[in-house]
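A.B. asks: Have a look at this one before I ask anything.
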Amino acid sequence: MKVVIAVVLMLLCGTTFAADYDVSVTRKGSNLYKVDGKEMYVHTRYCYEYVYSEDSMLRMSGSSGKIIFLDEGESCDVKAVFGASDASPGKYDVTVSREDDDWYEVFGTDTFIKTSLCLNLALGESAILKLNAGGFGTLFFIDSDDQCSVDGIYSKLRL
């Protein structure tokens, strides 16, 4: 009897619980899907589904998971889900790397910058982030003299 209880306890301790979320998403870039009506993005791996307001199931366990496109019957791995950050207006010296189209990671943080039509292939590039109220602004790349419009600042969520 003690062995059975021990096995059950080990199974319970080793189990991670997945949570399912009903969402509607629209593709906003390579591997980037916006949750309709919310300031949230789903960042995927090798996902080629071109969807617009697609009913989907987001299945998360910690910071990673899977998104299932219900009408398409396809699914993709999720790297992370991001929510809008409370970044204060101002000027920031940052080091950024391009993760995907219009999606840049700020080195040393769990912060990401969503841009519009930004073609810079930054890999650990120094930049100046100028933020206005609401998270909008401009990202100036120092070495290449490029600049990109910033649509928002986002942080990883743990669902």
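The values are calculated or read from the model by the stated rules, or taken from the named source; none is laboratory data. What you are looking at is a predicted structure, and each value in this text was computed from that prediction instead of being measured. Glycine also receives a Cβ, built like all others from the backbone with ideal geometry; neighbour counts cover every protein chain displayed. Each accessible area value is taken on the protein alone, full model and side chains, heavy atoms only, with ligands, DNA and RNA left out. Shrake-Rupley method; radii C 1.70, N 1.55, O 1.52, S 1.80 Å.
A.B. asks: Just give me the residues in the stretch 142-159 being among the aliphatic types (A, V, I, L, M) and either within 13 Å of A122 (Cβ to Cβ) or open to solvent by less than 50 Å² (accessible area, probe 1.4 Å) (or both), in sequence order. Show your work before the answer.
C.D. replies: First pass over the stretch 142-159, keeping only residues among the aliphatic types (A, V, I, L, M): 142, 150, 153, 157, 159.
Within the stretch 142-159, I142, V150, I153 meet the criteria.
A.B. asks: Just wondering, is there one or more residues in the stretch 87-108 that are open to solvent by less than 40 Å² (accessible area, probe 1.4 Å), under 16 Å from the mean Cα position of the chain (by Cα), of a type outside the set (D, E) and within 21 Å of A19 (Cα to Cα)?
C.D. replies: no
A.B. asks: Can you tell me which residue within the stretch 21-42, out of those that are under 19 Å from T115 (Cβ atoms) and without any contact (Cβ under 8 Å) to a residue 60 or more places away in the chain, is nearest to the chain's Cα centre (by Cα)?
C.D. replies: V42
A.B. asks: Also, I was wondering about something else. Modelled with pLDDT under 90 and surrounded by fewer than 18 Cβ atoms within 10 Å (Cβ to Cβ): is that true of E72 in this structure?
C.D. replies: The answer is yes for E72.
A.B. asks: If you scan the stretch 24-55, which residues turn out to be touching a Cys at 6+ places or on another chain (Cβ under 7 Å) and crowded, with 18+ Cβ neighbours inside 10 Å?
C.D. replies: N31, T44, C47
A.B. asks: Name the single residue, out of those in the stretch 49-81 being touching a residue at least 24 places away in the same chain (Cβ under 8 Å) and not in a strand (DSSP E or B), that is farthest from S30 (Cα to Cα).
C.D. replies: G62
A.B. asks: What single numbered condition from (1) on the phi < 0 side of the Ramachandran plot; (2) surrounded by fewer than 16 Cβ atoms within 10 Å (Cβ to Cβ); (3) more than 18 Å from the chain's Cα centre (by Cα); (4) assigned to a strand (DSSP E or B) fails to hold for L129?
C.D. replies: That leaves (2) as the condition not met.
A.B. asks: Hey, another quick one. Test D102 against the criterion of being in contact (Cβ under 8 Å) with a residue 60 or more places away in the chain and either closer than 23 Å to K34 by Cβ or aromatic (F, W, Y) (or both), and give yes or no. Don't jump to the end; show me each part of the working.
C.D. replies: Details: in contact (Cβ under 8 Å) with a residue 60 or more places away in the chain: yes; either closer than 23 Å to K34 by Cβ or aromatic (F, W, Y) (or both): yes.
So D102 fits the description; yes.
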